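Comments concern the structure below.
Every read-out reported here was derived from the displayed coordinates using simple, explicitly stated rules and does not represent laboratory data. Because the structure is a prediction, the values reported are computed rather than measured. With ideal geometry, Cβ positions are generated from the backbone for all residues, glycine too; neighbour counts draw on all protein chains shown.
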Amino acid sequence: MDSEKENNAGGFVDKTEIEDGFFILKFQNEEDEPKKFTRNIDSSYIQFHFCVKGSSKFLFNNGNYQLPLEEEHSLLLYNPKLDLPLNLELEPKSWIISLLISIKKFHSMFSQESGYIPFLSIENRDKKYYKDGNISPSMAIVLNQLMNFNLMPTVKALYFKAKAYELLSLNFNRTEDANIAQCPFLVDEENVLKIRKAKDLVISRMADPPSLQELATEIGLSLKRLKDGFKQIYGDSVYSFLFDYKMEYARKLLDSGEYNVNEVGLKIGYSTSSHFIAAFKKKFGTTPKKYIMSLPSAN
């Protein structure tokens with residue numbers, strides 16, 4: 001695996017080749033002005049772009065057409081009949097991670113699952129494909145691990161390969177890709193709005209969340225409908241979803257450098273630091289202190 005770093009118009013680019021036909025680009029703009037990055041990418045490549053921090057936009061046709069990419073959002077681009085050179089304008093204090101994979105390599109990864117991935121089907125093989133989506137908390141962790149890589153250079157090849165495959169797996173393991181119109185519960189727009197209200201309520205009260213019965217009563221659904229509907233829309237139970245959200249929120253607070261471990265734990269509802277540390281380690285495989293030490297600002 002080859003790795004190279006370069007400055008580009010005042011910004012920073014890191015390119016790491018995972019395998020033949022598969023590489024990662026990391027773009028960082030820590031300046032106070034937008035920066036532009038350009039790369040020639042031919043039509044044989046599928047492009048996955050993830051905005052880890054800040055915002056950006058992709059420019060096409062000499063800037064006449066733009067695709068914005070905001071923080072915590074992703075963009076998939078593929079056009080087998082037209083080269084899509086990368087022309088990226090990165091806003092100040094913004095980070096982007098891009099995975100570029102040849103269609104040949106990509107089909108070899110997912111050939112047995114092609115029926116579950118829309119643009120891999122035979123009828124779509126020669127069609128262009130575009131999709132934007134949200135970055136899940138699990139994906140955000142992998143992306144930040146790639147951005148904040150702080151291990152011995154001798155293990156970088158293995159680490160980046162593992163994280164690249166993990167990121168792709170998480171990207172396609174999304175319940176929202178299912179045909180939700182087939183679910184009778186979700187046809188009822190009023191019920192969907194109630195479930196979304198439940199999500200907003202548990203997030204707003206994450207330090208002291210209501211019980212499931214209290215939540216069901218407040219949104220006007222039965223306990224069973226709350227459980228089933230939440231699982232159908234968000235792919236997880238209420239409290240499992242809340243746990244992931246709290247841990248991701250805690251990670252962002254630690255990233256900011258404005259709070260210590262005890263303060264972050266209290267903000268998300270842990271009365272003792274030991275309980276917060278145990279929860280954080282369960283989610284991310286490391287303690288909050290070790291996570292802070294792995295950040296670039298700590299080195």
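For LEU76 and SER273, a Förster radius of 45 Å and the Cβ-Cβ distance give a FRET efficiency of 0.65, rounded to the nearest 0.05.
Want the number for ASN173 to ASN64: 0.36 nm per residue separation, take away the alpha-carbon distance, what's left?
Details: separation 109, 0.36 × 109 = 39.24 nm, distance 3.40 nm.
Difference between extended and current length: 35.8 nm.
Residue ranges 159-167, 250-258 sort as 159-167, 250-258 when ordered by packing (mean number of other C-beta atoms within 10 Å per residue, highest first). Pairs spanning more than 24 Å between alpha-carbon atoms, out of LYS81/LYS161; LYS57/LYS281; LYS36/LYS93; LYS131/LYS282: LYS81/LYS161; LYS57/LYS281; LYS131/LYS282.
Using the Cβ-Cβ distance between THR217 and SER256 with R0 set to 41 Å, the FRET efficiency works out to roughly 0.70.
Using the Cβ-Cβ distance between MET293 and SER204 with R0 = 30 Å, the FRET efficiency computed as 1/(1 + (r/R0)^6) comes to roughly 0.45. Straight Cα distances below 18 angstrom link LYS163 to the lysines LYS15, LYS26, LYS105, LYS283, with same-chain residues fewer than 8 positions distant left out.
3J(HN,Hα) along region 89-98, derived from phi through the Karplus expression 6.51 cos²θ - 1.76 cosθ + 1.60 where θ = phi - 60°, amounts to 10, 9, 5, x, 6, 10, 10, 10, 10, 10 Hz, with x in place of Gly and Pro. Packing here is the average count of other Cβ atoms within 10 Å per residue, and on that basis the peptides 63-71, 93-101, 30-38, highest first, run 93-101, 30-38, 63-71.
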